[in-house]
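To keep things clear, I will list the structure first and then write my remarks on it.
The values are calculated or read from the model by the stated rules, or taken from the named source; none is laboratory data. Just so it is clear, the structure is predicted and the values come from calculations on it, not from any experiment. As a convention, Cβ positions derive from the backbone with ideal geometry for all residues, glycine included, and neighbour counts pool all protein chains shown.
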Amino acid sequence: VLAIWHQLTKAEIPELAKCSVLMRDRSRVEDTIYAMQRAGAGRLQVISDFDMTLTRFAHNGKRVPTTHNILDHRLLIDEDCSKKIRELLNTYYPIEIDAGRSAEDKLPLMVEWWTQVHELLIQQRIRKELLAQAVKESSTMLREGYKVFFDRLTEQQVPLLIFSAGVGDVLEEVIRQNNVFHPNVHIISNYMDFDQAGVLRAFQGQLIHTFNKREGALSHASGLRVLQGRPNVLLLGDSLGDLTMADGVSEHQNILTIGFLNDQMDERKELYVKSFDVVLVKDETMEVPNAILKYIT
Ligand code: TMP
Ligand code: MG
């Protein structure tokens, strides 16, 4: 019977046979997808990271900005601040993606990075009313096929939890401007706290960085009513820290994790294949998640 299932998914999801798709255990992936298909859309939830997962990593050889980097706009911050934020990125991003260091080792350094950037942003007294323009004038881009992804989940009434260590206000504006901020989209992120005049004065709640998503999952995601009774999870991420985004799902049954390997391919391939069920190497599209969703729902 198993062999028949495998042929079934292979025939129905030819995208999984592409050479950019790596799997540690192909038959387990197929069994999971098949089990999710049998349970149906009503038992499914999708949990996704945002920066470099729903947004592209690069376009025409140029890096696409993350939500933090969208704030690097002269309307919002001055040149000196911009320079400092870039220096921090150059210092800490290589640490974030270093395959030779453990998550525990990276954790305090990520707190340092995020804390310093948020402090700098607060000093700039950023005005809420200018965020939309900064997003409009940025080169941010969602992955090719994003519309099919968001629209299908909405049609099938599958909740999409976007779990981001980026800046929530900017993230919302990006998906709003792309016309995919649908009612089934729920967001956990770092939200700005503005004073009555609309000037940034702090960030709300517990800081979320790349390696503490587990805490966020347990304290926030687990309480979301719309996610209850949906034990099957499709998880999308680009960082190993994203794997903990589903830790708040109680009584989960089937979890399929998809990891975008955007950068440092050779150094990280082995680790990614060991950690994610499906690894997409240098794939700037939503083709594979879309094909899986089309089959499941
Ligand atoms: P994510 O959880 O939505 O992927 O957002 C986190 C990413 O943001 C992470 O990969 C690092 C990136 N980042 C910047 O690009 N600039 C910054 O200043 C900070 C603090 C994070
Ligand atoms: Mg990311």
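Quick look at the numbers
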read-out	value
Selection within segment 72-106 - of a type in the set (A, V, I, L, M), under 24 Å from GLY205 (Cα atoms) and within 16 Å of ligand 2 (Cβ to nearest atom)	LEU89, ALA103
Boolean, GLU173 is surrounded by 15 or more Cβ atoms within 10 Å (Cβ to Cβ) and among the acidic types (Asp, Glu)	yes
Enumeration of residues in segment 95-108 that are surrounded by fewer than 17 Cβ atoms within 10 Å (Cβ to Cβ) and more than 11 Å from ligand 1 (Cβ to nearest atom)	ASP98, ALA99, GLY100, ARG101, SER102, ALA103, GLU104, ASP105, LEU107, PRO108
Unique match (being among the hydrophobic types (A, V, I, L, M, F, W, C) and away from ligand 2 (no atom under 16 Å from the Cβ)) among PHE260, PHE194, PHE211	PHE194
Filter result for PHE211 (under 21 Å from LEU293 (Cα atoms) and modelled with pLDDT of 95 or more)	no
MET52 hydrophobic (A, V, I, L, M, F, W, C) and more than 22 Å from VAL180 (Cβ to Cβ)	no
Every pair of residues 6+ apart whose Cβ atoms lie under 8 Å, when the first sits in segment 210-238 and is on the phi > 0 side of the Ramachandran plot while the second is of a type in the set (Lys, Arg) and away from ligand 1 (no atom under 16 Å from the Cβ)	GLY229/ARG43
Test result for ASP247, out of contact with any helix residue (DSSP H, G or I) (no Cβ under 9 Å at 6 or more places or on another chain) and more than 23 Å from ARG152 (Cβ to Cβ)	no
Test: residue in segment 204-213 that is crowded, with 20+ Cβ neighbours inside 10 Å and among the basic types (Lys, Arg)	yes
MET52 vs. criteria within 16 Å of ligand 2 (Cβ to nearest atom) and among the hydrophobic types (A, V, I, L, M, F, W, C)	yes
Sole exception among (1) in contact (Cβ under 8 Å) with a residue 24 or more places away in the chain; (2) of a type outside the set (A, V, I, L, M); (3) surrounded by fewer than 19 Cβ atoms within 10 Å (Cβ to Cβ) for ASP195, by number	(1)
